[in-house]
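The values are calculated or read from the model by the stated rules, or taken from the named source; none is laboratory data. Remember, predicted model here, so these are calculated numbers, not experimental data. Glycine gets a Cβ as well: all are built from the backbone with ideal geometry, and neighbour counts include every protein chain shown. Surface accessibility is based on the protein's heavy atoms, side chains included, excluding ligands, DNA and RNA. Shrake-Rupley method; radii C 1.70, N 1.55, O 1.52, S 1.80 Å.
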Amino acid sequence: MNSWSPVDYLFYLSFVFFAFGISLFFKKGLIATKFLGIQFIGLAYQLYAGYFIQPSRIYDYPHFFRTVSPFFYLLGPLGYLFQHYLLYPERKFRLIYLLHFLPFALHVIEYIPFYMLPAELKLEEVKHVFQQNTFYNTQSIYGWISMRDHLFVKTIYYIAYIFWTLYELYKFYKTTSQSFLRKNSLIVYWLSGDMVMKFVVIILHCFNLVFAKKRHLELTWMDYVFVLEYITMMLFMLFNPKLLQGPTLKGLVFQHSAGFNEKESIETTKQVKAHQKSSRDKNVLFTLNRYFETEQLFLRPEITLAEVSRYLKIKPRIIRMALQMELDLSFSDYVNTWRIQYAEEQCRENPKWKNYKLEVIAMESGFGTRQSFNSAVKKIKGVSPGKYFENIMQQPKK
């Protein structure tokens, strides 16, 4: 009886990844889960096909040859889009984003003539590859560029996406309040940890690319490190399924921001629950809250209900109704409440803000003028901005 090799384990792991990817792809909720599902489905195929293109089996299964190569062009775009839509779940997928997958499509197209060949001709290419002792051969009559060139293009392409993803993650951390990051610390640790693993993988890959003396046809330890990244990701999500619901809303503490005391807050909550309206209003409010929180639209003085309505594809009347029924707020008061809460957080957490004059606080919080800032604070808080923010400045950082 033959003993199992590591490749055999990867073969069976491919079915686990495929099942996990399918469950993510068809999971209702964030679009981010669909991109993550495609990642795992693609990896499942790579492991499955990789089992058959090993030297001991490739002559029996030549039709799998070269089918894995295009999938490496998906790693960077899918990783970026997954993080993008996890951090900004209310953003819509636009057709122009399909350009991320153009290199994958072109690689598939260039090898369609090879994929259509009978097994006998494919075996001739296999023999030619084996003579060079590498899958990344420099000469072939198939494809527009050699597989060796594809290897370097894929590496550069993947590195570019890693840095793009890292930049967006850094920008998110810099523009998001500390309280929001604390509330979503698990996602922060997850994305940061996964980014570290990606850098480890690409560093090891580049080291192997530059310093390895031979290009073996068997799987290398580098491939197992790459698979380990996805195993870790899968296990992390299985033990923390709430991660795939996206960032937890901080959220907008309406009662606190409106100046209610705790007793009034409890009474307000009871009133809301006592005469709950349709679930549509609650869903609209949740979508609106998440959109405002992740995109920080309130920092733009010119933001309008019509613009928000067009983006969310929700009629202005329905948004106004949801705000009125659920929060008893107009759209302008809703926006100003976000602005005031943002100013509160920055004054508590950001040392620079403690030295700002009220005019600067107003502008940095999205109020177009000092007058609109004064009116909003007096209306929502019931006191002047000077008195209110003087108390905020004196409060210790939480």
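Things to note:
- Looking only at the range 338-375, residues that are of a type in the set (G, A, S) and open to solvent by 10 Å² or more (accessible area, probe 1.4 Å) come to 3 in all.
- Condition met for G29 (farther than 18 Å from F71 by Cα and either assigned to a helix (DSSP H, G or I) or out of contact with any strand residue (DSSP E or B) (no Cβ under 9 Å at 6 or more places or on another chain) (or both)): yes
- Filter result for the condition that a residue is within 32 Å of the chain's Cα centre (by Cα), open to solvent by 50 Å² or more (accessible area, probe 1.4 Å) and not hydrophobic (A, V, I, L, M, F, W, C), over K127, K92: K92
- When K398, K381 are checked against the criterion of being exposed (fewer than 14 other Cβ atoms within 10 Å of the Cβ), among the basic types (K, R), modelled with pLDDT under 85 and farther than 17 Å from K282 by Cα, K398 stands alone in meeting it.
- The residues on offer are S5, S14, and the sole one that is free of Cβ contacts under 8 Å to residues at least 40 places away in the same chain and under 30 Å from the mean Cα position of the chain (by Cα) is S14.
- Residue that is surrounded by the fewest Cβ atoms within 10 Å (Cβ to Cβ) [pool: residues in the range 289-337 that are within 23 Å of R370 (Cα to Cα) and among the aromatic types (F, W, Y)]: F331
- Criterion: in a helix (DSSP H, G or I) and open to solvent by 20 Å² or more (accessible area, probe 1.4 Å) - qualifying residue of F35, F40, F71, F17: F71
- Within the span defined as the range 213-225, one or more residues are at pLDDT 75 or above and not basic (K, R).
- Screening L24, L75, L81, L36 for residues that are within 15 Å of D223 (Cα to Cα), modelled with pLDDT of 90 or more, within 15 Å of the chain's Cα centre (by Cα) and not basic (K, R) leaves exactly one candidate, L75.
- So I22, is it open to solvent by 50 Å² or more (accessible area, probe 1.4 Å) and either on the phi > 0 side of the Ramachandran plot or not hydroxyl-bearing (S, T, Y) (or both): yes
- Residue within the range 315-333 that is within 24 Å of F93 (Cα to Cα), without any contact (Cβ under 8 Å) to a residue 40 or more places away in the chain and aliphatic (A, V, I, L, M) present: yes
- Of the listed requirements (1) assigned to a helix (DSSP H, G or I); (2) over 23 Å from the mean Cα position of the chain (by Cα), Q46 misses just one: (2).
- Being over 30 Å from R348 (Cβ atoms), open to solvent by less than 30 Å² (accessible area, probe 1.4 Å) and not in a helix (DSSP H, G or I) holds for only one residue in T134, T165, T138, and it is T134.
- Only one entry in E293, E326, E302 is among the charged types (D, E, K, R) and not in a helix (DSSP H, G or I), namely E302.
- Being among the β-branched types (V, I, T), in a helix (DSSP H, G or I), over 17 Å from Y111 (Cβ atoms) and touching a helix residue (DSSP H, G or I) at 6+ places or on another chain (Cβ under 9 Å) is a description that applies to V188.
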